[in-house]
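What follows is one structure encoded as structure tokens, with my remarks underneath.
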Amino acid sequence: MRKFFVFLLVFISAVGSGRSNDSLKIVTLQREVSILKSTVSRLQQEDGRLRNLYQQQAKELDSLQANQQQQTENVKTLAEKVGADISDANKKIDSNVSTLTNSINSRTLIGALGILIAIGLLALTYYTLKRKISSGATTIDKIRSAQEGLEKAQKAMQEESVKLDSKLVELLDKQIKISQTEESEAKIDHSFVMKVADEIVGIETNLYRMDPNTRGYRQLLRRIEHIRNNFLANGYEIVEMLGKPYNEGMKVVANFVSDETLAEGEQKITGIIKPQINYKGKMIQSAQITVSQNL
């Protein structure tokens with residue numbers, strides 16, 4: 001390339017030697033040649049740079065090709081391994097399916113037998129229950145009749161008890177009147193009043209546990225109230241405690257029994273063994289009671 005430009009310069013110079021008037025053109029050509037030289041130098045530098053870039057890219061391409069080949073080999077190895085695993089998995093699945101099928105067949109047979117047995121047992125149970133129900137209907141009627149008879153007998157007993165208590169109250173009332181006529185103010189004997197009071201609270205306790213609709217119930221309560229008022233008129237007070245709440249401050253002898261029908265923490269007086277008796281405001285007998293509680 002350099003020789004070509006030198007030859008071109010010599011040729012131009014030879015042509016211009018005979019022509020003096022072309023000197024200006026020669027100068028211009030020389031300038032252009034200088035520019036061309038500069039351009040050629042830059043092109044040569046660019047060519048070198050491009051060659052270096054090409055070599056670098058060729059190396060990178062070789063490295064990429066090597067990596068691609070390695071990846072291809074890895075993929076091939078992985079595919080072979082996955083294929084082997086899939087084959088083993090298919091074999092295991094086939095084996096499990098075969099085992100499960102056999103198990104299902106066995107269980108189906110056992111289940112069918114179980115259903116048949118259950119149906120037989122249900123039929124037998126139905127037949128047995130039907131016979132028992134048929135024979136039990138009569139028994140239920142008998143039981144109901146017996147219960148009705150028992151209730152009637154219980155009611156009759158309660159009525160008879162009320163009658164007896166009424167007679168007893170009547171006798172007690174008469175004895176109270178006789179005792180009052182014979183009593184002297186100089187010497188007072190409270191024993192008779194205490195005995196009558198014990199009988200009264202015993203009858204009241206029976207009535208407390210009895211059906212209020214029992215025949216003679218209300219009449220007996222009125223007679224007892226009459227005796228209480230008679231005692232009160234003569235200075236004796238039979239303190240009413242039955243059915244009332246119990247508290248620790250009471251001056252009584254208490255027997256405690258458990259009763260879950262009461263509210264939690266509740267204590268109630270449900271029985272009087274001996275009543276508290278006051279004479280003219282002074283206690284002459286302390287109470288002995290039964291307390292039901294749910295603690």
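Stretching Thr28 away from Lys280 to a fully extended chain increases their span by 74.5 nm, per 0.36 nm per residue minus the current alpha-carbon distance.
Computed from phi, the 3J(HN,Hα) profile of the range 230-235 under the Karplus parametrisation 6.51, -1.76, 1.60 (θ = phi - 60°) reads 5, 4, 5, 5, 9, x Hz, with x in place of Gly and Pro.
Counting neighbouring Cβ atoms within 10 Å and putting the fewest first, the residues Asp211, Asp259 line up as Asp211, Asp259.
For Gln267, nonlocal amide neighbours, meaning residues 5 or more places apart or on other chains whose placed amide H falls under 5 Å from its own, are Tyr246. Shown for Val201, Val40: other C-beta atoms within 10 Å of each C-beta, ranked fewest to most, produce the order Val40, Val201. Annotation for the range 218-295: trypsin sites (Lys or Arg not before Pro) lying in DSSP loop with at most 16 further Cβ atoms inside 10 Å of their Cβ are Lys251, Lys280. Calculated from the alpha-carbon coordinates, the range 183-293 shows an Rg and a Dmax of 15.3, 52 Å respectively. Taking Lys and Arg as +1 and Asp and Glu as -1, the other residues whose beta-carbon sits under 13 Å from that of Gln56 total +1.
Extension gain for Gln65 to Tyr208 (0.36 nm times residue separation, less C-alpha to C-alpha distance): 40.4 nm. Taking amide H atoms as placed 1.01 Å from N in the peptide plane, the amide H of Thr290 lies under 5 Å from those of Asn255, Thr270, Gly271, Ile272, Ile273, each 5 or more residues away in sequence or on another chain. Taking other C-beta atoms within 10 angstrom as a stand-in for reagent exposure, Glu60, Glu240 fall in the order Glu60, Glu240, fewest first.
Each reported figure results from applying straightforward, stated rules to the coordinates on display, with no laboratory input. Please read all numbers here as calculations on a predicted model, not as lab measurements. Glycine gets a Cβ as well: all are built from the backbone with ideal geometry, and neighbour counts include every protein chain shown.
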